[in-house]
1. Please identify the pairs in which a residue from the range 114-125 that is without any contact (Cβ under 8 Å) to a residue 24 or more places away in the chain has its Cβ atom under 7 Å from the Cβ atom of a residue that is crowded, with 17+ Cβ neighbours inside 10 Å and outside any strand (DSSP E or B), counting only partners at least 6 apart or on another chain.
2. Consider Phe108 carefully, then state whether it is touching a residue at least 60 places away in the same chain (Cβ under 8 Å), within 29 Å of Glu57 (Cβ to Cβ), out of contact with any Ser or Thr (no Cβ under 7 Å at 6 or more places or on another chain) and of a type in the set (Phe, Trp, Tyr).
Amino acid sequence: MTYAWCPHEGAGPQAVELLFDGGDVALSELRVKQLLQRYVDHINAGEVDKLIALFAEDAEIEDPIGSGPRRGHEELRIFYQAALSRGVQIVVEGPIRGSQSNTAAMAFRVNLPSATVSAIEMMTFRDDEKIARMVACFGPMDISRY
């Protein structure tokens, strides 16, 4: 696939539009952003079953990067159930970012009863809209304890 940045007609000199020459991105940028927002909504509602249903059967998460991957619904359920049992709430900081592929990312804050974690998460989606991979980026300096 080739692409070029071109001025977007009528939107002023600063606006651009990405024009694709052949091939399509399987999921639209808007759709991957919506799917990532659904992930946030299920976490904040404490809906572990709906959350796990967003992931492909063979999905992999690494949260945080460097902690080692967790694979498949069983391992993901253990991870997210533990997080949700601690009362995790996510506050997205700024707009969810899309890409030119099936990937979206967000900066967010995780509010826990005794700490706040500032992180960035990136998710890659399969064509069937299931999450294939999620990585979270934060380190010890990104954790504020009360």
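1. Filtered contacts from the range 114-125: Thr124/Asn102.
2. So Phe108 passes the test.
Bear in mind these aren't lab numbers, they're just calculated from the coordinates by the rules spelled out. Predicted model only: the values in this text are computed from it and were never measured. FYI the Cβ positions are ideal-geometry reconstructions off the backbone, even for glycines, and counts take in every protein chain you see.
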